[in-house]
Amino acid sequence: MAEPAIDKFKWIKDFFDYKKEGDRFNRLSDIIPNEFDYYFLIHWSVGIVEKFPFEDFPKESESIEDLNKRIKILREQNLFLNPNEDALFKKTTLREIAYKFNVSYDYNTLDKFENIPAIKIIYDFSIVNLKLFIRQITQNRKLNLFVEDAFHYKNVSEQRKEIEDISIADYFKMQEEFHFDNFTYLFSENKDWCITTSEDLPMFLCINKEIIKQIEEASKIELFKLDYNQVNDYYIWF
């Protein structure tokens, strides 16, 4: 007699089955069960306009003079109402930015440059680096994707998607539709890692200790280690 097929998605379905309508999702422990050894926040890739006059640029627009000076500099740097401004940015990292401006290095480093448009998240850089990272850690193994969308659909048949052996290309195509702002769980066949997305939270990487060296060697993205129950002091960048 054949053995019953293993439900690869049971671990995450069971987690959501215990959720109630109205539950809040403010931190990592709200969106994934504690079944991994290490948890990381995945920070999107950043860019910088290298020749931007940071020292001369007013951080706030508290006066007409400051506002006019900000606009003047943005015009000179071709950053004023430029829909193609991303082409002006050079790839960098939060670590390089923290060193350059002598500020603390953590996943909230960009908060210190909130009103400076010459440093920001660059979507295209982020997608390239994420694709490369996932290819490296996948190592030709199958990937599975779980999508929980009960918060958008009342019809039960539409609330969940269980996709086995999804390609990396199809995963990113789906994320483009979701704008990386839906409850999704991409995980390896043996579940030694999982990448999550969710509404109003960053992406998280959850891994088992056996692959920590592999993750460190593969990473083309900046990862910040978190405690599973860490209180939310991070935010989403898109």
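Taking the listed residues 210, 176, the one that is part of a helix (DSSP H, G or I) and within 17 Å of the chain's Cα centre (by Cα) is 176, with no other qualifying.
I want to confirm something. Restricting to the range 191-206 and keeping residues that are in a loop (DSSP other than H, G, I, E, B) and farther than 16 Å from residue 38 by Cα, which single residue is modelled with the lowest pLDDT?
Of the residues in the range 191-206, the ones in a loop (DSSP other than H, G, I, E, B) are 191-192, 199-200.
From what is left, the residues that are farther than 16 Å from residue 38 by Cα are 199-200.
Details: 199: 85, 200: 82.
Checked the range 191-206; the qualifying residue modelled with the lowest pLDDT is 200.
Consider residue 96 carefully, then state whether it is surrounded by fewer than 18 Cβ atoms within 10 Å (Cβ to Cβ) and either among the hydroxyl-bearing types (Ser, Thr, Tyr) or under 22 Å from the mean Cα position of the chain (by Cα) (or both). It is true that residue 96 is surrounded by fewer than 18 Cβ atoms within 10 Å (Cβ to Cβ) and either among the hydroxyl-bearing types (Ser, Thr, Tyr) or under 22 Å from the mean Cα position of the chain (by Cα) (or both). On inspection, residue 19 fails the criterion of being in contact with a strand residue (DSSP E or B) (Cβ under 6 Å, 6 or more places away or on another chain) and either modelled with pLDDT under 95 or in a loop (DSSP other than H, G, I, E, B) (or both).
Scanning the range 58-71 for residues that are exposed (fewer than 13 other Cβ atoms within 10 Å of the Cβ) and over 32 Å from the mean Cα position of the chain (by Cα) gives 62, 63, 64, 65, 68. Of all positions in the range 41-58, at least one carries a residue that is within 23 Å of residue 191 (Cβ to Cβ) and in contact (Cβ under 8 Å) with a residue 40 or more places away in the chain.
The set of residues in the range 103-128 that are in a loop (DSSP other than H, G, I, E, B), within 13 Å of the chain's Cα centre (by Cα) and β-branched (Val, Ile, Thr) contains only 122.
Going through 91, 51, 72 one at a time, which residue ends up being out of contact with any His (no Cβ under 9 Å at 6 or more places or on another chain), of a type in the set (D, E, K, R) and part of a helix (DSSP H, G or I)? First the steps, then the outcome.
On the way: 91 fails: part of a helix (DSSP H, G or I); 51 fails: part of a helix (DSSP H, G or I).
Matching residue, one of 91, 51, 72: 72.
Taken over the range 212-223, the residue count meeting the criterion of being surrounded by fewer than 19 Cβ atoms within 10 Å (Cβ to Cβ), at pLDDT 90 or above and out of contact with any helix residue (DSSP H, G or I) (no Cβ under 7 Å at 6 or more places or on another chain) is 2.
From the list 124, 86, 106, 111, which one is without any contact (Cβ under 8 Å) to a residue 40 or more places away in the chain, in contact with a Phe, Trp or Tyr (Cβ under 9 Å, 6 or more places away or on another chain) and within 26 Å of residue 206 (Cα to Cα)? Only one candidate passes the filter, namely 111.
Only one of 89, 40, 57 is more than 30 Å from residue 227 (Cα to Cα), touching a strand residue (DSSP E or B) at 6+ places or on another chain (Cβ under 8 Å) and of a type in the set (Phe, Trp, Tyr). Can you tell me which? Before you say what the answer is, go through the steps one by one.
Values: 40 fails: more than 30 Å from residue 227 (Cα to Cα); 57 fails: touching a strand residue (DSSP E or B) at 6+ places or on another chain (Cβ under 8 Å).
Result: 89 is the single residue among 89, 40, 57 that is more than 30 Å from residue 227 (Cα to Cα), touching a strand residue (DSSP E or B) at 6+ places or on another chain (Cβ under 8 Å) and of a type in the set (Phe, Trp, Tyr).
When the residues of the range 26-57 are filtered to those that are among the aromatic types (Phe, Trp, Tyr) and under 30 Å from residue 13 (Cβ atoms), which remaining residue is nearest to the chain's Cα centre (by Cα)? It comes out as 44.
For (1) of a type in the set (S, T, N, Q); (2) in a helix (DSSP H, G or I); (3) under 29 Å from residue 210 (Cα atoms), each residue gets a yes or a no:
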site	(1), (2), (3)
32	no, no, yes
40	no, no, yes
47	no, no, no
68	yes, yes, no
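Scanning the range 103-119 for residues that are within 20 Å of residue 72 (Cβ to Cβ) and surrounded by 15 or more Cβ atoms within 10 Å (Cβ to Cβ) gives 113, 116, 117, 118, 119. Examine the range 75-82 for a residue that is crowded, with 18+ Cβ neighbours inside 10 Å, under 16 Å from the mean Cα position of the chain (by Cα) and modelled with pLDDT of 95 or more, and state whether such a residue exists. Among the residues of the range 75-82, not one is crowded, with 18+ Cβ neighbours inside 10 Å, under 16 Å from the mean Cα position of the chain (by Cα) and modelled with pLDDT of 95 or more, which makes the answer no.
The values are calculated or read from the model by the stated rules, or taken from the named source; none is laboratory data. Predicted, not measured: the structure shown is a model, and the values here were computed from it. Note that each Cβ is placed from the backbone with ideal geometry, even for glycine, and that neighbours are counted across all protein chains shown.
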